[in-house]
1. Pick out the one residue from Val311, Val288 that is surrounded by 14 or more Cβ atoms within 10 Å (Cβ to Cβ), aliphatic (A, V, I, L, M), touching a strand residue (DSSP E or B) at 6+ places or on another chain (Cβ under 9 Å) and not assigned by TED's automatic domain parsing to the domain that holds Ile97.
2. Among the residues that make up the range 332-346, is at least one of them in contact with a His (Cβ under 7 Å, 6 or more places away or on another chain) and farther than 30 Å from Gln17 by Cβ?
3. Within the range 225-239, restricting attention to residues that are on the phi < 0 side of the Ramachandran plot and buried (at least 17 other Cβ atoms within 10 Å of the Cβ), which residue is nearest to the ligand (Cβ to nearest atom)?
4. If you take the residues of the range 157-208 that are within 21 Å of the chain's Cα centre (by Cα) and of a type in the set (S, T, N, Q), which of them is farthest from Tyr102 (Cα to Cα)?
5. Considering the range 240-252 alone, what residues qualify as being of a type outside the set (Phe, Trp, Tyr), near the ligand (Cβ under 8 Å from one of its atoms) and either over 22 Å from Ala195 (Cβ atoms) or in a loop (DSSP other than H, G, I, E, B) (or both)?
6. Only one of (1) modelled with pLDDT of 95 or more; (2) touching a helix residue (DSSP H, G or I) at 6+ places or on another chain (Cβ under 6 Å); (3) among the hydrophobic types (A, V, I, L, M, F, W, C); (4) crowded, with 22+ Cβ neighbours inside 10 Å is not met by Met353, so which one is it?
7. Could you pull out every one of the strands (runs of 3 or more DSSP E) wholly within the range 1-95 that has 3 or more residues that are in contact with a strand residue (DSSP E or B) (Cβ under 8 Å, 6 or more places away or on another chain) and at pLDDT below 95?
8. Which members of the range 253-297 meet the condition of being within 16 Å of the ligand (Cβ to nearest atom) and part of a helix (DSSP H, G or I)?
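The values are calculated or read from the model by the stated rules, or taken from the named source; none is laboratory data. Just so it is clear, the structure is predicted and the values come from calculations on it, not from any experiment. In this analysis, Cβ positions are derived from the backbone assuming ideal geometry, glycine residues included, and neighbour counts consider all displayed protein chains.
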Amino acid sequence: MSTRITPGQIKKTNRQQIYDFIWRNRKVSQQNISYELRLSRPTVAANLTEMEENGLICRNGQLDSDQIGRKAVAYSIVPTYRIAIGVEVMRDAVKLIAVDLYGQKIRRVVLDLAFCHHDDYYQELCNHILQFIASLDVQEKQILGIGIAMQGLVSADATTVVYGMILKCSGAKIDSFTRYLPYPCSFIHDPDGAALSELWASPELTDAVYLSLSQHLGGSMISKRQIMTGKHGHTATFEHIIMRPNGTPCYCGNRGCAETLCSMSALLKGDDPDRFFEQVRSGEKEAVKRWHVYLKNLGRLIAMLHLVQDVDFILGGHLAKYITPEDIRTLYDEIHRSCPFPDTDDFLRLSKMPSHNITIGAALLYIQEFLADIGSANEL
Ligand SMILES: [Zn+2]
């Protein structure tokens, strides 16, 4: 078997490297590219011309050049050359977002649409998605795909909800969407969407446990910048670790799962979060007590998980914005009570993506796939 690299492969690699460089540095000159990537000026010039003609990149003003008195043409990528749609399906609402090739929000809407695992619902939702796409004023070919975040475990091929007890949608198929939408569509488990956003916002992140502290508790495990799914697809479903046998019933059918102690619904019991945390911060006794019980349980959960995975723990989800440095201190104290190792207090961190993280993460599925393969994109 020949291992020679073909001219076609070299061309692909060059194009990928040059595009990546422009994407990362936002605004660069031909000279920057040639120098940093050690590619000849003619090679860079030919690639820039081709990518500019195809609409992938554009001229974007000028940059100072090394030569005194001379300015160089600056190039940037065209962020809306391709876009992706993220959808978050919830019990009473649906969130839609469109993002560009930098993962930046182009437009976002929230629909009041109660979930029902029935074709009428899927058809109505797809009509809303089509209207949303029409409002973006883009061509059909610009849409890379639609990532659909579900409150449920998803099959490895992203086509089926294999366990959807919250929405009672186990068995839901992606063709409920694709029969009405002329775009590629994939399901993603909602905390995995949040974890993907976190990876996007944190280029230095390699291994971590992501805890989604929202109405429901969820989790995701990141290893070598990949989301781990596991043999049966339920890696990181921390919410069903039984912490209190004979405790409060969980939606999974067991009792005393972490969901019943560490989710926002377990904490708030129907109260408004802003109002609750106003009470906590103003020292109202009952609220402070409830918050400390919550932190104690969350600390115990993290302590257990930290014995399994000695990595950073990211606290995300809707609760993250209410967590103070003092609360983090309380969590460390609780963790140290049950951990035999003298770890330094350097592994808890708050999410860098507090807003729209699940919808953006769902859309990033397609953005990442596109960016990773610019070199061999056929129709540029
Ligand atoms: Zn459970």
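1. None of the others qualify; the one that does is Val311.
2. Yes, that holds for at least one residue.
3. Among those that are on the phi < 0 side of the Ramachandran plot and buried (at least 17 other Cβ atoms within 10 Å of the Cβ), it is Glu239.
4. In this case the residue turns out to be Thr160.
5. Narrowing the range 240-252 to residues of a type outside the set (Phe, Trp, Tyr): 240-250, 252.
Among the residues that remain, those that are also near the ligand (Cβ under 8 Å from one of its atoms) are: 240, 242, 250, 252.
Hits for the range 240-252 are Ile242, Cys250, Cys252.
6. (1)
7. 57-64, 71-77
8. Answer for the range 253-297, where residues must be within 16 Å of the ligand (Cβ to nearest atom) and part of a helix (DSSP H, G or I): Glu259, Thr260, Leu261, Cys262, Met264, Ser265, Ala266, Asn297.
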